[in-house]
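The values are calculated or read from the model by the stated rules, or taken from the named source; none is laboratory data. Keep in mind it's a predicted model, so treat the numbers as computed, not measured. Neighbour counts are summed over all protein chains in view; Cβ atoms, including those assigned to glycine, are modelled from backbone coordinates with ideal geometry.
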Amino acid sequence: MAENIHKKYTIAQLAEIAKAELIGSGKAEVCRVASFESAGPDCITFAADEELLKNISTCKAAAVIVGKKVDSTIPLLVVDNVERALIKILAQFMPQLEKPQAGIHKSAVVEKGASIDKTASISPLVYIRKGAKISAGTVIGAGCKIGENSIIGSNCRFEDNVVIYHNCSIGNNCIIGANSTIGAAGFGYYFIDGQHQQIPHTGGVIIEDCVEIGANTCIDRAKFGNTIIGAGAKIDNLVQIAHNVVIGKCCLIAAQAGIAGSSKLGNGVVLAGQVGIKDHATIGDGAQIGAQAGVMNDIGPNKQVLGSPAINIKEFFRQVLLKQKLPEMSKQLKELIKRVETLEAAKDNS
């Protein structure tokens, strides 16, 4: 069972951890972090926007993390960056799970020719194929499969049932969520002799350092060359990344996004939930693609787009406003047609 679930900190201790200016008493103890609306006297919360700051008198928390000083009867932790402080404080309340032990569990299967650092942790029912390499400090969760000649860097963490196919390369300090699959064949077929024939995918997958991949995400191997995920990318659950896709550094990709083959994302690109990108599309550095957008053409650097097909965000909202006016415009059009018909009839009678 996880330890320190009920661990308590005084407000003063948390202020020191967050490097915050404490305004008010620091004596109260808290045992968890909660939302502004639901926080009680055993909680610390945060107010990152003006609307919450205006309502700070209604908050029932023991203390509030804020980005500026405001009038309050509740103790405040004033910081330069609320999100950064929140990360530090949340970390204090994380359950302290049992640390995996270095070594190979007796139920794991390691084929001859695989290389496993003595400080790595190999959990029950793991299968590691010949030629695979597991580096120092890496933790491989229960039921994972590591394919032939795949290389896993140091200090990685694979949750249970991750599958890494053959000839894949995972960098250092990467996290892969449960049931994700790296290196399956891409979805590529030619229609020959009356049937779809699968195209051999002979390439691999390269995942650079400090990449985090959520649960049930799939990253396909390249037809030739490599599918590449840039350093620092953060990929949510249930994301599909097709063959030969290249994703730049520090991209953010939210759940249920789908990126078709040979597309290229620049550095710092953000894809919101359920975004779809067509094959061979290029997305420039810093572009932001809104939820459920369908990208059918290249998107330039730092552009913001929405809709399907995706268009400039300002144009999208202009069209939305026009659509909302369509019922009234339709009514007006019918009235105008009726008036014209009446005038034409009067003209004919004269």
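Considering the stretch 256-266, the residues that are under 15 Å from the mean Cα position of the chain (by Cα) and in a loop (DSSP other than H, G, I, E, B) include one that is nearest to Leu306 (Cα to Cα), namely Ala257. Residues Asn237, Asn297: which one is assigned by TED's automatic domain parsing to the domain that holds Ala184, surrounded by fewer than 18 Cβ atoms within 10 Å (Cβ to Cβ), in contact (Cβ under 8 Å) with a residue 60 or more places away in the chain and assigned to a loop (DSSP other than H, G, I, E, B)? Criteria check complete, one pass: Asn237. Ser38 satisfies every condition listed in (1) surrounded by fewer than 16 Cβ atoms within 10 Å (Cβ to Cβ); (2) in a helix (DSSP H, G or I); (3) not basic (Lys, Arg) except (2).
When restricted to residues that are touching a Phe, Trp or Tyr at 6+ places or on another chain (Cβ under 9 Å), small (Gly, Ala, Ser) and within 14 Å of Ile229 (Cα to Cα), the stretch 153-190 contains 1. Is it fair to say Lys19 is out of contact with any strand residue (DSSP E or B) (no Cβ under 8 Å at 6 or more places or on another chain) and of a type in the set (D, E, K, R)? Yes; evaluated as a whole, the condition is true for this residue. Here Cys156 passes the criteria (1) out of contact with any Pro (no Cβ under 7 Å at 6 or more places or on another chain); (2) surrounded by fewer than 20 Cβ atoms within 10 Å (Cβ to Cβ) except the one numbered (2).
Yes/no per residue for (1) in contact with a Lys or Arg (Cβ under 8 Å, 6 or more places away or on another chain); (2) not assigned by TED's automatic domain parsing to the domain that holds Ala242:
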site	(1), (2)
Ala281	yes, no
Asp285	no, no
Ile289	no, no
Ala293	no, no
Arg318	no, yes
Leu321	no, yes
Ser330	no, yes
Val340	no, yes
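The requirement of being in a loop (DSSP other than H, G, I, E, B), farther than 19 Å from Val239 by Cα, free of Cβ contacts under 8 Å to residues at least 12 places away in the same chain and outside the structural domain of Ile213 (by TED's automatic domain parsing) is fulfilled somewhere in the stretch 343-350, by at least one residue.
When the stretch 240-255 is limited to residues that are under 17 Å from Gly225 (Cα atoms) and in a loop (DSSP other than H, G, I, E, B), the one that is nearest to the chain's Cα centre (by Cα) turns out to be Gly248. Among the residues that make up the stretch 246-263, is at least one of them under 25 Å from Arg129 (Cα atoms), in contact (Cβ under 8 Å) with a residue 24 or more places away in the chain and in the same structural domain as Val139 (by TED's automatic domain parsing)? The answer is no; no qualifying residue exists. Note on the stretch 54-69: among residues that are of a type outside the set (Gly, Ala, Ser) and surrounded by fewer than 16 Cβ atoms within 10 Å (Cβ to Cβ), the one that is nearest to Gly24 (Cα to Cα) is Lys69.
Of all residues in the stretch 205-219, one or more are farther than 22 Å from Ser121 by Cα, of a type in the set (A, V, I, L, M) and under 16 Å from the mean Cα position of the chain (by Cα).
It is to be established whether one or more residues within the stretch 83-91 are touching a residue at least 12 places away in the same chain (Cβ under 8 Å), loosely packed, with under 14 Cβ neighbours inside 10 Å and not in a helix (DSSP H, G or I). No, the stretch 83-91 contains no residue that is touching a residue at least 12 places away in the same chain (Cβ under 8 Å), loosely packed, with under 14 Cβ neighbours inside 10 Å and not in a helix (DSSP H, G or I).
Of everything listed in (1) surrounded by 13 or more Cβ atoms within 10 Å (Cβ to Cβ); (2) under 30 Å from Glu148 (Cβ atoms); (3) at pLDDT 95 or above, the single unmet condition for Pro100 is (3). Within the set Val245, Val211, Val239, the sole residue that is at negative phi and touching a Cys at 6+ places or on another chain (Cβ under 6 Å) turns out to be Val211.
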